[in-house]
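Below: one structure, written as structure tokens.
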Amino acid sequence: MIIKHASQLLVVSDQSLGIIEDGAVVIEKGRVAWVGRTQDLQESGNQGIEDSRVSSNPGTLEPSAPVIDATGCVVMPGFVDCHTHLVFGGYRDDEFEQRLQGRTYKEIAEAGGGILATVSRTRQATEDELHTAGTARLQEMLEWGTTTCEVKSGYGLDTETELKMLRVIRRLAADSAQTVVPTFLGAHSVPPGVSKPDYIRQLTEEMIPRVAQEGLARFCDVFCENFVFNAVESRQILEAGRRHGLEPKIHADEIEPSGGAETAARVGAVSAEHLLVPSEAGLRAMKERGVVAVLLPGTSLFLRTQAKAPVAKMRELGLTMALGSDFNPGSCTVLAMPIVVSLACLFYGMTIEEAIIGATRNAAKALRLDDVGSIAPGMAADLLILDVPNYRHIAYRLGHNPVRQVIKAGRVIHTRSRA
Ligand code: NIG
Ligand code: FE
């Protein structure tokens, strides 16, 4: 397949979007084979592709079309959503309404709602029900351009249900169009009727070994908050995960400063996520250990948090900043990465360039994936064709879905029905 005449092709490097005007991409066997200007493609007479096979309307191309004319469009890497809680039973619209009336997320959680409300509905749900709901959500994400998606467990909080969730995630990975990366988040809360020390023992001695043995997760995550698992407990759990080959990730300093960023650095976490109220020392330590900062601005909007992730400080320290949706039934129902990009700019003060890099290349780093998130020879051909003339529109047209076509591993897997 060849894509040509992109008004802007965003190849996305560490430092910049790497814009190529009138850009072209050649794809072979699901991977990017060549990237450059359309003019150079034609001069080298690339593979004798004839112009008669070029369609002028990408919206109506056959899925098997060998040449896509992207005139007037931005072409960029597929979005990588590096933080979701996509598998769960039931929604929590009742709590949403309570929060609008003034109750806080923490008050609701401490009264037995919040995560625990979703836990009881997830325990009741069958694997098929969870899989059906997860499939629909992944499809919606695909329509918004997400081609790689991390999914966490964490609404089971017992061995049986955590394994059930992870098996559902494995099924989604096998039969959805996207790449799905599984994370074990058994340490999302303490289940009712179990003491915290007992639950930590269950996590470290029973659940983590089972999850690792069955190959059900790549990462181990913890909700590190003083009122959930404190820094010491979080470290203990993450180190157990690491001993079993699960790399650490951490929900850090989201609601209260809890030493999450410091813990991320101490355990050498792949990423620390949320980071609304981290200490400066914690951020410095993260920089030294190469921990990726994953920012989730959809959650700031949804929870109406006063604190904003300190992007200016992170930029000054040279931290790698990634973006995710945090899609879940309690603290963020936004799953569209173009909206997350807008919110990162509007709420956190990221530049548009930083936000797009954060939602592609840096999000891939937060998942330790080195063949997605940018467009270069050898990378997976996961690409988006957007109906906007330049990259600024992605952030600027808040709420507009710019995705016209989604290409995954060199195949068109979604073409929008409207022109
Ligand atoms: O990332 N912070 C912890 N976990 C989720 C919330 C999950 C829920 O409320 O169901 C989050 O915000
Ligand atoms: Fe989360």
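Any read-out appearing in this document is the output of simple, stated calculations on the displayed coordinates, not a laboratory observation. These numbers come from a predicted model, not from an experiment. No Cβ is skipped: glycine too gets one built from the backbone with ideal geometry, and neighbour counts run over all protein chains shown.
Computed values, structure above
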{"item": "Mean shadow area of the chain, taken as a quarter of the surface of its Cα convex hull (nm²)", "result": "19.1"}
{"item": "Backbone HN-Hα couplings from phi across region 205-211 [Karplus 6.51/-1.76/1.60, Hz, Gly and Pro as x]", "result": "9, 10, 5, 4, x, 5, 4"}
{"item": "Cα-centre dipole for region 240-367 with unit charges at Cβ (Lys and Arg positive, Asp and Glu negative), debye to 20", "result": "260"}
{"item": "Likely footprinting exposure, V75, V340, fewest C-beta neighbours within 10 Å first", "result": "V75, V340"}
{"item": "Order of W34, W144 under a 10 Å beta carbon neighbour criterion, fewest first", "result": "W34, W144"}
{"item": "Lys/Arg +1, Asp/Glu -1 at C-beta; region 86-140 dipole; positive extreme among T132, I115, G89", "result": "I115"}
{"item": "Where labels lie 7 Å past Cα in the beta-carbon direction, separation of Q39 and D128 in nm", "result": "6.0"}
{"item": "Net charge of neighbours whose Cβ lies under 14 Å from the Cβ of S234, counting Lys and Arg as +1 and Asp and Glu as -1", "result": "-4"}
{"item": "Rounded to the nearest 20 debye, dipole of the chain from Cβ charges on Lys, Arg, Asp, Glu", "result": "160"}
{"item": "Percentage relative contact order, region 258-352, counting C-alpha pairs under 8 Å, at least six apart", "result": "26"}
{"item": "Sequence-distant residues sharing a close amide H with S258 (under 5 Å, placed H)", "result": "D253"}
{"item": "Built amide H within the under 5 Å cut-off of V294, gap 5+", "result": "A272, E273, H274, A322"}
{"item": "Per-residue Cβ neighbour rank within 10 angstrom, fewest leading, F229, F88", "result": "F88, F229"}
{"item": "Dipole-positive endmost among A177, T159, I200 within region 148-232 (Cβ charges, Cα centre)", "result": "A177"}
{"item": "The chain: relative contact order as a whole-number percent, Cα under 8 Å and 6+ apart", "result": "20"}
{"item": "Lys, Arg +1 and Asp, Glu -1 on Cβ, resulting dipole of region 110-240 about Cα centre, debye, nearest 20", "result": "80"}
{"item": "Ranked packing of 9-18, 310-319, most packed first, by mean Cβ within 10 Å", "result": "9-18, 310-319"}
{"item": "Per-residue ³J(HN,Hα) for region 188-201, Karplus 6.51 cos²θ - 1.76 cosθ + 1.60, θ = phi - 60°, Hz, x for Gly and Pro", "result": "8, 5, 9, x, x, x, 10, 6, 4, x, 5, 5, 4, 4"}
{"item": "Cut-off under 5 Å, modelled amide H: who pairs with H414 long-range", "result": "V406"}
